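Nothing in this text is a laboratory measurement; each read-out follows from the coordinates by a stated rule. Keep in mind it's a predicted model, so treat the numbers as computed, not measured. Counting neighbours? That spans all protein chains shown, and the Cβs are built from the backbone with ideal geometry, glycine included.
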């Protein structure tokens, strides 16, 4: 089966190269039949890559330890769903996952547009195949997941080596979030290649209106939400598995996922201006190119060894290939932008600083600045080592000091944008639009200050949350009231029809509402509390309003690990409200690595977060870490609302209306 997987990858590489050459030949000779042949080659390459991917899954599930990737990432006691997750549990398999998703997206993009945009599609196909061929080459020759284990004798002969059992999947990856987090993250990363391919095709074919924008808007939005969900799942995993009480640490690999998400957020806002006003054409080409390059850059970070991260794979020899590829793509893209600059002129000028166009532009500039600050902080240790020979560490304080003010400014613009009109907003209109948001937000600020809150950023964040919330509510109330007056509908039917008739606009407002909820959760960090205690059986820990009494200790084992659980009765106001069992696991494979399983009591107000950190040598005392983390619930709920709002935005507008009740 390993040989079959290798054969499939080799055939896929040949097919993708043929598709690339045939697409270019079809362009030069204007032969649609050759282009159709290239499209069929893409479908065939997608099929063979799928077979290769399924081959690796089969090898993992059947415990074929002759394959190095299988021996390094699984063992016989590993549950089946973790064996499937082991595909991306190490460097080589994760590269195959990348190739698999890239092939699926390429095939879908070609099939979806097989009868449309015939002048652009050969260029689109060529760009997609350059991307696929590059990663196939790396996967086949430099990072092969089907490599066999060989044993070499002193006389120079070799034979197949079959270990009795595998090393097992990294214990910290054995969690449900890590089963689905990497594939979803890859869907986000890799999906940017499709909008990028259409942008390059538009440049090459000189079709630089809004056609390529409209064609790829849903692709970009889908990719954006996949990447966002991947970020949230990664945060959830860090929160419940790593046992440090937080969900975001400005880790280099975390940052590498956030950067393309920020740029794609800017792009999604910027395309609205191009569609409506014919402006920001150069800006949009650059943004979509940056989003694609940053997604490749994230893959480079995890595989090059230039940064240290719990998320990164071991050092490999792929780094220089990624650098050459990214540099080539950047140079070629910039050359095309300069060459086609006459076709990228804006159709209108910015009429007023007090306009929705300017709000979008400022929003984009700030998102790009945020991205650059994260890039600089992530890579500064690397740059400092290259230049001075000393690696200077950049920690969370740097990122917080820069990005908290940027985040608050973005939150403010989220509320301001809908209050501005297109082209120009009159002073009288501004006065009316800002009255209620400013009134409620100022009232909130006064109440917070009077209640004793003195943290500047927290007061600003909560005040701005109210400001944005009121502006969103105003948009829904005004739209619903107009429908009630004009259509004679009741308020509920008018509200539903308002969303159904303009899903893009009001789905976007729901996404903005989700951002408010998440910022509310972020603000709770100011009030986090923690304590660490050594307790005996029957002992108590006090943190905030909670009292934790140890009532027992449980031990056991599975085929995969040994575990110990501390039983804690949680009381509040002298009443037992919950029983928590934080757990510590010691895995039997590898070096006996241990992990924690956090126990949580979560409410909309706060999380009680408890970690069993260890046991004394004589077994008489147990180290317990307890945290009270306010408002974390709203981060996860806000993420769910973001998904809901994005789904609404992706749906086509409904012509029929809900009847009045």
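Things worth noting here:
- Förster radius 60 Å - calculated FRET efficiency between residue 456 and residue 149 (Cβ-Cβ, nearest 0.05): 0.55
- Restricting the calculation to Cα atoms, every distinct pair contributes to the Kirkwood radius of region 23-100, found to be 14.3 Å.
- Approximate spin-label separation residue 439-residue 323, in nm, with each point projected 7 Å along Cα-to-Cβ: 6.0 nm
- Label-point gap, in nm, between residue 383 and residue 332 - each point 7 angstrom along Cα→Cβ: 2.7 nm
- Summed over qualifying helices (DSSP H, 4 residues or more, each -39500 (n - 2.57)) and divided by its residue number, the chain shows a 222 nm mean residue ellipticity of -21000 deg cm²/dmol.
- Ascending count of other beta-carbon atoms within 10 Å, so fewest first, for 143, 547, 16, 616: 616, 547, 143, 16
- Full extension of the chain between residue 31 and residue 532 gives 173.1 nm of extra length, using 0.36 nm per residue less the Cα-Cα distance.
- Whether region 109-177 is rounded, prolate or oblate, judged on the alpha carbon gyration tensor where a/c under 1.5 counts as rounded: oblate
- (1) 207; (2) 221; (3) 142, with the label sought being that of the calculated volume of the Cα convex hull per residue in Å³: (1)
- Net length available on complete extension from residue 603 to residue 180 is 149.8 nm, with 0.36 nm assigned per residue and the Cα-Cα distance removed.
- Each part gets one Cα centre, and for region 34-80 versus region 403-438 those centres are 51 Å apart.
- Overall form of region 557-652: oblate. Here a/c, set by the Cα gyration tensor axes a ≥ b ≥ c, is 1.5 or more, and a/b is not larger than b/c.
- Distance cut-off 19 Å, percentage of C-alpha pairs in region 447-518 lying past it: 47 percent
- Whole-Å distance, taken between Cα centres, linking region 113-142 and region 175-217: 12 Å
- Once the Cβ-Cβ distance of residue 3 and residue 588 is raised to the sixth power relative to R0 = 41 Å, the FRET efficiency obtained is 0.80.
- Order of 251, 569 - criterion: other Cβ atoms within 10 Å of each residue's Cβ, fewest first: 569, 251
- Global geometry of region 239-377, whether rounded, prolate or oblate, following the gyration tensor of its Cα atoms and the 1.5 cut on a/c: oblate
- Fully extended contour minus Cα-Cα distance, from residue 104 to residue 576, at 0.36 nm per residue: 164.7 nm
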